[in-house]
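Engineer: Have a look at this one before I ask anything.
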Amino acid sequence: MPDVQNLEVLNPATEELVATVPAATAQDVDAAVVRAAAAQAKWAAVAPADRARLLRRFAVAVDEHIEELAQLEVREAGHVIGNARWEAGNVRDLLDFAAGGVERLSGRQIPVPGGLNVTILEPLGIVGVIAPWNFPMPIAAWGTAPALAAGNAVILKPAETTPLTALRLAELALDAGLPEGLFQVLPGAGDVAGNALVEHPGVAKIVFTGSTRVGKQIMAKCADRVKRLTLELGGKSPNIVFADADVEAAALATPMSYLDNSGQDCCARTRILVQRSVYDRFLEIVGPAVESVVVGDPADEKTQMGPLISRSQLERVRSYVPSGAGIHGTAPEGPGFWFPPTLLTDAEAASPVATEEVFGPVAVVLPFEDEADAICLANATEYGLSGSIWTRDVSRALRVSQAVQAGNLSVNSHSSVRYWTPFGGYKQSGLGRELGPDALAAFTETKNVFISTEA
Ligand code: NAD
């Protein structure tokens, strides 16, 4: 008998057991790869319009179950219900968008002497998607939807704490008519099922989202086989507020730029850099705004922030915050993994809380003198995922956007993720890009063929 362990899924708001799910073993991964290989060979031969039609049916099935998926996300991940509905809708949109790309995934004809030269985009084969717990549904779909659309099979390993929505999505795919074995979900431990996917010679590409530490280990293992790899890792993103900005708007937008999803967001703007001449005014507005964020039952429509995902995440977040420091909101007491919204005003720029990814509702505010100082502070991190720039000066907005080393920036807003624009990190925040117009191409090999006209 294989060594089957169970994953216990807890409701982070109550600590009650939601479900027990068997954890996949390395042997389960072997068997899944055999099934996926058979399914992929047939899938790649399906006419593009039919492949697109099946993916659209999958999108419709998700759309018809948005509320069910959202409620499941509230229970297993503690996401507030409004966000959870958006996340399920995002899966639908990603499937629709990828379906629209199937018939547009075309190669090129390049002029050469003596013949015809064409490029053909071929599917890679089997793609392993390793997803984190912070956005279980969207991040699973970021890899899965374009990989399927480009003619691949997908084996998805969700995070240990959040396997339930992924398992439900796999059922909906089958109901929608996707072939058996094409999209499989294997919940399991990272160092068992996740590692087996990374090491399996039958898996052509890994899409990993999670910590930079594990991402580096996976990258090293993929190097052994020159396995294709996309990495979406951590972030410590700046929110830069210049004195010429609408300071009130910038301050009022700040709380949810790092408290959304309880700060468990790789794009969270956790380093708030404010020009010294407006620093005090900014704090006067942002302080009460942080204190008034509604923290509590994630199923309540009025709640803005829920619990952290797990006890270990709660301990990790606590370890970064000196007791009583900074500005605090409130959080429920009793069962559940609760931590209040926190803004630290006295942190040193080089301290761990100001440089490491906390992944909780904690940000630091640091003053800067001028534009050069702001850019220097913004780039003083090993990460480079996202960031925001608040200014009314268009030239400055463009200059600073060019100077900040990050993959996703927004000016006078905090938006960063849309399924139809590219997303990914500079430096140690990642490798490759997901989403956007080129999403499907990342799941293909380019083959170049020359056909002589002189034979
Ligand atoms: P993690 O990197 O340990 O886990 C992410 C995924 O990788 C999970 O599915 C996990 O099972 C899997 N995994 C773990 N070890 C593996 C291995 N050796 N081989 C293959 N797969 C493996 O992240 P975590 O422990 O869930 O969170 C820890 C920290 O990571 C967080 O505090 C945060 O800083 C960061 N994080 C970042 C993101 C992001 O979106 N950038 C997401 C989640 C976590």
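The values are calculated or read from the model by the stated rules, or taken from the named source; none is laboratory data. This one's a predicted model, so the numbers in the text were calculated from it and none came from an experiment. Virtual Cβ from ideal backbone geometry, glycine too; neighbours counted across all protein chains shown. Side chains are part of the model used for accessible areas, which takes the heavy atoms of the whole protein and leaves out ligands, DNA and RNA. Shrake-Rupley method; radii C 1.70, N 1.55, O 1.52, S 1.80 Å.
Engineer: Could you tell me the center-to-center distance, by alpha carbons, between segment 279-305 and segment 328-389 in angstrom?
Structural biologist: A separation of 16 Å, based on Cα centres.
Engineer: Please name which of G125, I139, V417 has its Cα lying farthest along the dipole of the chain towards the positive end, using unit charges on Cβ (Lys, Arg +1; Asp, Glu -1) and the Cα centre as origin.
Structural biologist: Most positive-ward Cα: G125.
Engineer: Something else now. Relative to the Cα centre, what is the charge dipole magnitude of segment 365-436, using +1 at the beta carbon of each Lys and Arg, -1 at the beta carbon of each Asp and Glu, and rounding to the nearest 20 debye?
Structural biologist: Numbers: 6 positive and 7 negative charges, 69 e Å.
Approximately 340 debye in magnitude.
Engineer: By how many nm would the segment from K221 to A45 lengthen if fully extended, with 0.36 nm per residue of separation less the alpha-carbon distance?
Structural biologist: 60.3 nm
Engineer: Can you tell me the length gained on complete extension of the stretch D175 to D346, counting 0.36 nm per residue apart and subtracting the Cα distance?
Structural biologist: Extending this stretch completely gives an extra 56.1 nm.
Engineer: If I take R0 = 30 Å and measure r between the Cβ atoms of E64 and E8 in this structure, what FRET efficiency does the formula 1/(1 + (r/R0)^6) give, to the nearest 0.05?
Structural biologist: 0.50
Engineer: Translational D (Stokes-Einstein, µm²/s) of segment 1-95 at 37 °C and 0.692 mPa s when Rh comes from the Kirkwood sum over C-alpha pairs? Don't skip to the end; give the middle numbers.
Structural biologist: Values: Rh = 16.1 Å.
Value of D from the Cα-based Kirkwood radius: 203 µm²/s.
Engineer: Right, something else. If I stretch the segment between E199 and S319 completely, what's the gain in nm (0.36 nm per residue apart, minus their alpha carbon distance), one decimal?
Structural biologist: This chain segment gains 39.8 nm when fully extended.
Engineer: Accessible area per residue, 1.4 Å probe, Å², for the chain: what's the number? The partial results should precede the final answer.
Structural biologist: Working: 18800 Å² over 455 residues.
With the other protein chains kept in place, the chain gives 41 Å² per residue.
Engineer: Under 20 Å between C-alpha atoms is the cut-off here; go through segment 152-258 and count lysine pairs that meet it, provided they're at least eight residues apart or on different chains.
Structural biologist: Going through segment 152-258 pair by pair, I get 9.
Engineer: Can I ask one more? Amide H neighbours of L366 under 5 Å, counting only residues 5+ apart in sequence or on other chains, H built in-plane at 1.01 Å?
Structural biologist: Those qualifying (amide H under 5 Å, at least 5 residues apart or on another chain) are I272, L273, V274.
Engineer: With point charges of +1 on the Cβ of Lys and Arg and -1 on the Cβ of Asp and Glu, referenced to the Cα centre of the chain, which listed residue (A166, P322, Q184) lies farthest in the positive direction of the dipole?
Structural biologist: Of the options given, the answer is Q184.
Engineer: For the chain, list the DSSP H helices whose alpha carbon atoms reach 27 Å or more along the long axis and whose average Kyte-Doolittle value is -1.0 or above?
Structural biologist: What comes out of the filter, once short or polar helices are dropped, is 81-102.
Engineer: Across segment 114-264, what fraction of all alpha-carbon pairs, as a whole percent, falls in each successive 10 Å bin from zero upward?
Structural biologist: 10, 34, 27, 16, 11, 3, 0
Engineer: Here is a further query. In the chain, what % of DSSP beta bridges are antiparallel (nearest 5)?
Structural biologist: 40
Engineer: Now for a different question. Rolling a 1.4 angstrom probe over the protein chains, ignoring ligands and nucleic acids, what is the accessible area of I451 in square angstrom, nearest 10?
Structural biologist: Per-residue accessible area (I451): approximately 80 Å².
Engineer: Divide by every residue of the chain the summed helix terms, -39500 (n - 2.57) for each DSSP H run of at least 4, and state the resulting mean residue ellipticity at 222 nm, rounded to the nearest 500 deg cm²/dmol. Write down the numbers at each step before the final one.
Structural biologist: Working: 14 runs with 175 residues, N = 455.
Only helices count here, giving -12000 deg cm²/dmol.
Engineer: Take every Cα-Cα distance within the chain, group them into 10 Å bins from 0 onward, and report for each bin the whole-number percent of pairs it holds.
Structural biologist: 4, 20, 29, 25, 14, 6, 1, 0, 0
Engineer: Then there is this: Percent of Cα-Cα pairs per 5 Å bin, from 0 to the last occupied bin, for segment 238-417, please list those.
Structural biologist: Histogram of Cα-Cα distances, whole percents per bin: 1, 9, 18, 22, 20, 15, 8, 4, 1, 0, 0.
Engineer: Between T20 and E369, what is the spin-label point distance in nm, taking each point 7 Å from the Cα along the Cα→C-beta axis?
Structural biologist: Between T20 and E369, the simple spin-label model gives 6.3 nm.
Engineer: Arranged from highest to lowest average of other beta-carbon atoms within 10 Å per residue, in what order do the peptides 402-408, 323-329 appear?
Structural biologist: Numbers: 402-408: 18.6, 323-329: 14.7.
Highest mean packing first, the order is 402-408, 323-329.
Engineer: While we're on this one: For segment 267-303, which GluC sites (Glu not before Pro) pass both filters: DSSP loop (anything but H, G, I, E, B) and at most 12 other C-beta atoms within 10 Å?
Structural biologist: Sites meeting the loop and neighbour criteria: E301.
Engineer: Once ligands and nucleic acids are excluded and a 1.4 Å probe is used, how much of Y320 is accessible, expressed in Å² to the nearest 10?
Structural biologist: For Y320, the solvent-accessible surface is approximately 40 Å².
Engineer: Roughly how many nanometres apart are two label points built 7 Å out from the Cα toward the Cβ at E122 and V394?
Structural biologist: With each label placed 7 Å out from Cα toward Cβ, I get 4.9 nm.
Engineer: About its Cα centre, how strong a charge dipole does the chain have in debye, to the nearest 20, once Lys and Arg get +1 and Asp and Glu get -1 at the Cβ?
Structural biologist: 1400
Engineer: With charges only on Cβ, +1 for K and R and -1 for D and E, what is the dipole size of segment 238-417 about its Cα centre, in debye, rounded to 20?
Structural biologist: Roughly 220 debye for segment 238-417.
Engineer: Something else: Can you tell me, using C-alpha contacts under 8 Å and at least 6 residues apart, the relative contact order of the chain as a whole percent?
Structural biologist: 18
Engineer: Please list, in chain and number order, the residues 5+ apart from V185 or on another chain whose amide H is under 5 Å from its amide H, with Hs placed from the backbone.
Structural biologist: Long-range HN contacts for V185: L156.
Engineer: Can you tell me the order of 272-282, 352-362 when each peptide is scored by its average per-residue count of other Cβ atoms within 10 angstrom, highest first?
Structural biologist: Per-residue mean Cβ counts within 10 Å order the peptides as 352-362, 272-282.
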